[in-house]
Amino acid sequence: MGPTGPRTPSRCGRSTLTTSPSCSTRCPSRPPGVDDTVVYADLDGDGSDEAVVHALCTYGANGAQDTIQVWAVNADDEPVLLDSLSEPPARVTGPLPPAVKSIKVDDGDLVVTWTHYKNDDPNCCPSQLTALRYQLDDDSLKQVGRPATSDAE
């Protein structure tokens with residue numbers, strides 16, 4: 001635990017992770033790339049919070065790669081990457097690559113909401129969202145339950 005709560009796995013000037021452009025103005029030594037929001041929750045039931053980070057790597061004119069990373073702090077007080085997700089299972093993706101819309105923790109499960117394209121959706125505008133639930137088991141994210149797909153707003 002840090003002076004104000006759980007230790008974060010990433011700090012200014014000593015970053016294994018990166019931050020979004022809005023954060024780089026507050027913390028100029030950190031490169032762009034990670035969503036400002038880090039979700040803290042005890043995903044494995046050990047009494048200590050893990051940090052769930054949404055990292056985004058953009059490249060080219062319109063390419064992007066989303067990654068959800070789960071970090072913990074080891075006995076030496078160092079950050080440790082436990083697991084990561086870069087896309088949902090193929091059975092729930094549409095014809096175009098999905099992007100992460102949101103992450104949250106609900107009742108101990110990590111809930112990742114991905115964009116979902118129907119066959120006739122243009123590349124700009126996915127018309128659906130698919131939420132998947134994951135549990136951290138032996139430092140590995142395992143999908144639980146059924147995907148929940150709904151129309152995007």
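Computed from the coordinates by the stated procedures, all read-outs in this text should not be read as laboratory data. Computed from a predicted structure; not experimentally measured. Reconstructed Cβ throughout: ideal geometry from the backbone, glycine too, with neighbour counts over all protein chains shown.
A compact table of results
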quantity	calculated
Cβ-placed point charges (K, R +1; D, E -1), dipole of the stretch 71-153 about Cα centre in debye, nearest 20	520 debye
Computed over the stretch 21-151: relative contact order in percent, which uses C-alpha pairs under 8 Å that are six or more apart	16 percent
Volume of the Cα convex hull of the stretch 73-123, divided per residue and given in Å³	109 Å³
For the stretch 21-151, with +1 on Lys and Arg beta carbons and -1 on Asp and Glu, the positive-most of LEU132, SER84, SER150 along the dipole	SER150
Likely footprinting exposure, ASP121, ASP137, ASP66, ASP46, fewest C-beta neighbours within 10 Å first	ASP46, ASP137, ASP121, ASP66
Rg/Rg_globular for the stretch 21-151, with Rg_globular taken as 2.2 N^0.38 Å and Rg from C-alpha atoms	1.12
Residue order, fewest to most beta carbons within 10 Å, for THR130, THR93	THR93, THR130
